[in-house]
Amino acid sequence: MKKILCVVLMLCLLMTAALAEQAPSLNWEAVEPILAAGNVAGQFYTFDEIAVKIWLPEGMNAVELTEEDKANGYIGYFMPDDESAAVAVMYVDLNGMSLEEYAQYLASEADVTEIEMATVNGFPCVTYKLPAQDSVSITFTTEAGYALEVTCTPASVENAELVWGAVVASIQAV
């Protein structure tokens with residue numbers, strides 16, 4: 001229990017330091033040793049169709065996507081057996097919007113809070129929360145006007161910042 005508390009405190013400290021800057025920057029190299037020190041296990045999942053990999057905590061299992069899910073842009077959905085959490089990965093058409101335009105669009109939505117521009121593993125992105133859905137999301141845009149969006153829920157449970165922070169900090173090209 002002390003190790004987990006130490007990991008949570010260290011990740012909160014890292015995130016607080018990152019948020020104190022104008023454009024927060026996270027990278028996997030900073031988070032990986034914290035997870036190892038706290039014995040937080042997980043593994044990377046690679047999305048070959050978009051050449052991206054994401055670390056997922058142990059126990060998050062891939063859910064088989066329906067054709068409708070795929071048509072709606074889902075390329076991955078993960079949940080533990082008890083369905084108490086989820087990580088959704090989508091690749092969607094933003095009709096050519098830039099990252100800044102997408103952040104402005106999010107700011108106009110009533111249910112979106114804590115919108116921040118950031119950099120994760122060298123890639124510009126926007127992070128935000130959806131309190132009504134108890135989720136946190138991160139979005140990267142591509143030159144083709146598409147977006148890779150990762151949403152993690154629930155955002156309010158104990159250790160959520162640690163686990164979802166690690167998921168977000170792990171997103172990287174392969």
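No lab work stands behind these numbers, since they all come straight from the coordinates. The model shown is predicted, which means the values in this text are computed figures rather than measured ones. Cβ: placed from backbone, ideal geometry, glycine included. Neighbour counts: every protein chain shown.
Taking label points 7 Å from Cα along the Cα-to-Cβ direction, Ala71 and Asn159 give a separation of 3.9 nm.
Give the relative contact order (percent, whole number) for the chain; include only Cα pairs under 8 Å separated by 6+ residues. Value for the chain: 25 percent. If the chain linking Asn27 and Asp111 were pulled fully straight, counting 0.36 nm for each residue of separation and taking away their Cα-Cα distance, it would gain 27.4 nm. Pairs of Cα atoms nearer than 8 Å and 6+ residues apart set the relative contact order; for the range 47-97 it is 29 percent.
With θ taken as phi - 60° and the Karplus curve 6.51 cos²θ - 1.76 cosθ + 1.60 applied, the whole-hertz 3J(HN,Hα) list for the range 126-132 is 10, 10, 6, 10, 10, x, 5 Hz, x standing for glycine and proline.
For the chain, the equivalent ellipsoid derived from the alpha-carbon gyration tensor has semi-axes of 24, 20, 16 Å in decreasing order. Converting phi to 3J(HN,Hα) with the Karplus coefficients 6.51, -1.76 and 1.60 and the offset θ = phi - 60°, the range 58-70 yields 3, x, 8, 9, 5, 9, 5, 7, 7, 4, 5, 4, 4 Hz in sequence order, with x at every glycine or proline. Annotation note: GluC sites (Glu not before Pro) in the range 45-87 located in DSSP loop regions with a Cβ neighbour count of at most 11 within 10 Å are Glu49, Glu58, Glu64, Glu83.
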